[in-house]
Structure formats: structure tokens, C-alpha cells
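The values are calculated or read from the model by the stated rules, or taken from the named source; none is laboratory data. Predicted model only: the values in this text are computed from it and were never measured. Here the Cβ positions follow ideal geometry from the backbone for every residue, glycine too, while neighbour counts run over all protein chains shown.
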Amino acid sequence: MLKSFLGKSRRTGGGEEPTSEGVFRTGGSVERLKTLLEFFPIGKKLRYIPEFKKEIVFDTIVVAYCVNGEFIYSGESIERDAQGMPVAFRAGEEGDQLRIPVAGIKQFQVLVPDTSDLEMGLDYNRRALIGRGRQFNKGNYISLISNSGFKGLSTIDTEVAKQVDLKDGPYAHRKMVLLTPEMHTLEVTDQRGKTRTKICAPVMVSLSEGRLTGPCTIVDVSDEAVRIRVRDGGAPLPAMSKGDPVTLDIALGEAERHFTLKGAVIRRSPETCVILLVGMVRDGKATSFGPLDLLELKSGLLNYSK
């Protein structure tokens, strides 16, 4: 009875009408779906950041998946092959189940509780960051964060599809929110292997077509990426998409301490941007990093003083 109750899905009150674009339009694959199911399983407590405001972190939990508009409340309703890859989702009660093959997924969403009331516990400055629009307005972005211990940290950006008030099922008459994951933003970080070091060093960022963002500050660095932030009072970063090329000019106060680096955008918000370092410019030519180049860069950043 319990398995039947938890595995049940209703064909009314579900998600948005499925479209042919679906989950695989946004960088989805069976491998990515497997990773999402592993790091963001039903019943797991998570954290989330509303609208890329990393100063604001709330707790939440995934209570169901919504596949092609059908709610699935139990991980036992997911069929997997011998390698652990998802094969199909089973929706509905036993004896009257709808089987949705992974290849037939047109829409995949996650259901989380409406935790808007948590905003009341914020201080004035952080409440002002959210603004009057509230965090779960349709079209807003919610970044989910899952810590799976030795497996690392996983994040994924989701878009608010709509707020729902289910009429039946285990979460009937509770305010819920449907989130649509953007599968191409799913990232898994080995926290042991990518330790970030906090620093504070100036950088000029150039985009394609010669566009400049103005002076910024490098606020942390790892072995393969840097995070930059606009300076106090500076203009927000221009629109950038994941993978967009950027050029970083870093002058550390000495002639021999100048670096021109090539990078690609990993993630961007109006105030910050994480950039993957892919090479450098030497003698006017783009080249890959030598064995000591990244160590020299990190050492220079760590020893920079204004």
C-alpha cells in the first residue's frame, strides 16, 4: 500500500503541457539525467540560491519529479538498467501505471515546497536583494545545490515553471513549486580536487568584438578557474552565455607580473562570473599553458598587494 501510495501520479494538476523541445533541448542526455537523479533524488534535503543571489541560501527538498506532466513521488518508480542508467519512469497506481521511457521524455521537472516564508527570516539587506517580486515568480531562476559527501558538490540552475496547489496525492493542499532544470548547467565538482583560494586582485575583462566590461576584481582562484566580481559601484556584467570566450588582463604592479589569459564563461550573474582558464597570450599569440604558467599565476595573485 505504501509503495502504491508513494508511487502514484495524477494526470490532472500536473506540469505545463509537454513540448517537443523538452529536456534534451537544454543539453540533456541519459548520462546527465542519471547524474541529476543521483545528486537530486526524491526525499533529499538540498540548499538553493534564488536568482543567483549567492548571499542568500535556503534549505529545500525534492518531493517529486514531474515527467511529461505526470507526478512521481518515489525513487522506486524509476526503472534502471544493469549500469544504473535510467530506462523509464512509472506513473500511476499499481495495475494502472503509465510507463514513460527515457527516450520519450519531453518535459522533466522537480517539485519542491513553496518556501517563500523563509524570506521573513532574512535581514533587511538580503530581503532587499530578492526585491518585491518574490523568489518563486514564474521565470525566476533557482540554483539547487546538493552535497553528496565524497562524491562532491553538484549544482543545477532551474527555472520556475509555476506554483501549484495539488488537489490530491501525498502533498495535497500544500503550496508547491515546479522547477524546470536547465540540464546544460548541471555541474559536479570534486571538492577535494578543486579547492578555491580567496584573493583580491585587479583584472580587466574583454569580451568578443572588443567589448569591455570595465575593471573587476578576482576574488578566488583554483587550478583551472577564477571567479571575478564587479567593483563596488560598478556597472553589472553584460550578458554572457556559458562557453563565451573572454580575455583577462591581469597587471600585478610589476612589468614581469602581467598576464593575458584566454578563458571561457562557466557561470555568470550580474555581479560575478566564473571563468575557465584555457590558455594565455605570449608574444602576441594564443598558446596553451606551460607546466609552470598556472603556478606562476596563482603565486602572483596570492602575493599581490595594492
Check your understanding: Of all residues in the range 218-246, which are in a strand (DSSP E or B) and in contact with a helix residue (DSSP H, G or I) (Cβ under 9 Å, 6 or more places away or on another chain)?
Key -> Ile218, Val221, Val226, Pro245, Val246
Check your understanding: Within the range 91-105, can one find any residue that is surrounded by 17 or more Cβ atoms within 10 Å (Cβ to Cβ), of a type outside the set (D, E, K, R), under 20 Å from Val160 (Cα atoms) and in the same structural domain as Lys44 (by TED's automatic domain parsing)?
Key -> yes
Review point. With (1) touching a residue at least 40 places away in the same chain (Cβ under 8 Å); (2) part of a helix (DSSP H, G or I); (3) not aliphatic (A, V, I, L, M) as the list, and Tyr48 as the residue in question, which single condition is left unmet?
Key: (2)
Review point. Quick one: would you say Met280 is crowded, with 17+ Cβ neighbours inside 10 Å and in a loop (DSSP other than H, G, I, E, B)?
Key: no
Exercise for review: Please enumerate the residues belonging to the range 65-90 that are in contact (Cβ under 8 Å) with a residue 60 or more places away in the chain, surrounded by fewer than 19 Cβ atoms within 10 Å (Cβ to Cβ) and among the small types (Gly, Ala, Ser).
Suggested key: none
